[in-house]
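Asker: Okay, here's the structure, questions in a sec.
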Amino acid sequence: MEWINHLQTELGDEIVFTDATTRLAYSFDATPNYQAMPDAVVAPRSTEDVQTVLRLCHTHRVPVIPRGSATNLAGGTTPLAGGLVMDFRHMDQILEIDEKNLTVTVEPGCITGHLIEAVEARGLFYPPDPSSMKISTIGGNISENSGGLRGLKYGVTADYVLALEAVLPNGELLKTGGKLAKDVAGYDLTRLLVGSEGTLAVITKATLKLIPLPETKRTMLAHFSDLDGAARTVSRIIESRIIPATLEFMDKK
């Protein structure tokens, strides 16, 4: 295909992959019974690489599917119309932990669990905790607006995204938001991109809000003889103005 030849010329064979084994590995995500082969896979190493890819694919009308660790259950990283899967495994760095402004800036391929460990070592806290956080990436979390058990008390990913760097489909660079507690002027493009599943732009950098690490925590376990009693207790806890960090129902030992 002409567009693949152009990509290989622009970026090199170490970034663009067309072999059947690689394409097969990127033909599905965690969504059951959902699979389709891409025409190629690209693993950019910089924002400039992403711009080159999107600019060329825009010219040739090639669909692009951004992909993190593909832990989503919505088929969002399955290439249903062929095209190009963009894998961010090389763009995985924590660029800055800003203790003065309580923010962290990362590349999209940064593993969520690695980020949480790094900021907690500084006495800071990034609350969003998707169940896949040991392998899921921040870019994927933002694209899916991921939550987790701590969402009851702390909210979901959208509540912690302060600023984004993203590349539009035509290759233009877009920067939204900033390290601001109050950012209310104009359209909230940051919120628009969060949860958009890669349909509007490809995220290449994110600045996230941190909070102080809780000084202590306690875990409680209660046993119930029936489901209704457990459900009523949950309602009573919230009604009593007690908001646990997590509140989980378990139906097996």
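Asker: Does at least one position in the range 12-21 carry a residue that is more than 20 Å from V167 (Cβ to Cβ) and either in contact with a Gly (Cβ under 7 Å, 6 or more places away or on another chain) or assigned to a helix (DSSP H, G or I) (or both)?
Answerer: Yes, that holds for at least one residue.
Asker: Considering only residues that are of a type outside the set (A, V, I, L, M) and touching a Phe, Trp or Tyr at 6+ places or on another chain (Cβ under 9 Å), which ones fall in the range 74-109?
Answerer: G75, T77, T78, P79, D87, E107, P108, G109
Asker: Just checking, how many residues over the range 164-182 are of a type in the set (D, E) and either in a loop (DSSP other than H, G, I, E, B) or modelled with pLDDT under 95 (or both)?
Answerer: Qualifying residue count for the region: 1.
Asker: Going by what's in this entry, would T52 be described as in contact with a strand residue (DSSP E or B) (Cβ under 6 Å, 6 or more places away or on another chain) and among the β-branched types (V, I, T)?
Answerer: Values: in contact with a strand residue (DSSP E or B) (Cβ under 6 Å, 6 or more places away or on another chain): no; among the β-branched types (V, I, T): yes.
Against the criterion (in contact with a strand residue (DSSP E or B) (Cβ under 6 Å, 6 or more places away or on another chain) and among the β-branched types (V, I, T)), T52 does not qualify.
Asker: What residue, among those in the range 205-253 that are small (G, A, S) and within 28 Å of the chain's Cα centre (by Cα), is most open to solvent (accessible area, probe 1.4 Å)?
Answerer: Filtering first and then ranking leaves A245.
Asker: Which condition number in (1) part of a loop (DSSP other than H, G, I, E, B); (2) on the phi < 0 side of the Ramachandran plot; (3) surrounded by 15 or more Cβ atoms within 10 Å (Cβ to Cβ); (4) modelled with pLDDT under 95 is the one that L152 fails?
Answerer: (1)
The values are calculated or read from the model by the stated rules, or taken from the named source; none is laboratory data. In this text the structure is predicted, and so the values were computed from the model without any measurement. Positions of Cβ are generated from backbone atoms using ideal geometry, with glycine treated the same way; all protein chains shown enter the neighbour counts. Just the protein is used for accessible areas: all its heavy atoms, side chains included, with ligands, DNA and RNA removed. Shrake-Rupley method; radii C 1.70, N 1.55, O 1.52, S 1.80 Å.
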